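Inspection log for the structure reproduced underneath, given as structure tokens.
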Amino acid sequence: MQAEVKWVEDFKFLGQSQSGHSVVMDGNGGATAPSPMEMVLMAAGGCSSVDVVDGLKSAGQKVTACSARLTTERRDTAPRIFTAINIHFSVSGEALEPALVEKVTADSLQKYCSVCLMLGTGVEMTHSWEIV
């Protein structure tokens, strides 16, 4: 996998993925676009959500919605890395089995989500879930 990031102006950068998609990032605290750290956070939420939806569908669950709300703690001084991330999954569907939702959300962070597993080496990764 490859990507390229080009400086546009000020602290704006254009990221281009190997698959041909582009995203603007703003290194000025996210004033005009997501900051690079916000992109990392959204990547963790997206990656883990794919695992949750796929895992529930593979288990025969009729999932109709899934959202992931991520909250973080960061160091106050540079480098301002994340020190803790919690992903709270809200899942909806028909007769979802709580034990399966619990297993699939935990497995995402502990076994399958590449972004979370990379972050997990230096970040305390936790999760919670609810069926709505």
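Quick check, is Val123 touching a residue at least 24 places away in the same chain (Cβ under 8 Å) and over 12 Å from the mean Cα position of the chain (by Cα)?
yes
Look at Ser19 and say whether it is out of contact with any helix residue (DSSP H, G or I) (no Cβ under 6 Å at 6 or more places or on another chain), of a type in the set (S, T, N, Q), exposed (fewer than 12 other Cβ atoms within 10 Å of the Cβ) and not assigned by the TED database to the domain that holds Cys113.
Here the answer is yes, as Ser19 does meet what is asked.
Any idea which of Val52, Val63, Val104, Val40 is among the β-branched types (Val, Ile, Thr) and either farther than 30 Å from Gln2 by Cα or in the same structural domain as Ala3 (by the TED database) (or both)?
So the residue among Val52, Val63, Val104, Val40 that is among the β-branched types (Val, Ile, Thr) and either farther than 30 Å from Gln2 by Cα or in the same structural domain as Ala3 (by the TED database) (or both) is Val63.
Of the conditions (1) assigned to a strand (DSSP E or B); (2) in contact with a Ser or Thr (Cβ under 6 Å, 6 or more places away or on another chain); (3) surrounded by 12 or more Cβ atoms within 10 Å (Cβ to Cβ), Ala84 clears all except one; give me its number.
(2)
Mind checking which pairs have a first residue in region 5-25 that is within 11 Å of Pro36 (Cβ to Cβ) and a second that is of a type in the set (Lys, Arg) and open to solvent by 60 Å² or more (accessible area, probe 1.4 Å), Cβ under 7 Å, 6 or more apart or different chains?
As it stands, the answer is Phe13/Lys6, since those pairs meet every condition given.
Which residues, taken from region 107-129, are of a type outside the set (S, T, N, Q) and either within 17 Å of Val53 (Cβ to Cβ) or not assigned by the TED database to the domain that holds Lys62 (or both)?
Asp107, Leu109, Lys111, Tyr112, Cys113, Val115, Cys116, His127, Trp129
The values are calculated or read from the model by the stated rules, or taken from the named source; none is laboratory data. Please read these numbers as outputs of a predicted model, since none were measured by experiment. Please note: Cβ atoms are built from the backbone with ideal geometry, for glycine as well, and neighbour counts cover all protein chains shown. Accessible surface areas use protein heavy atoms only, side chains included; no ligands, DNA or RNA. Shrake-Rupley method; radii C 1.70, N 1.55, O 1.52, S 1.80 Å.
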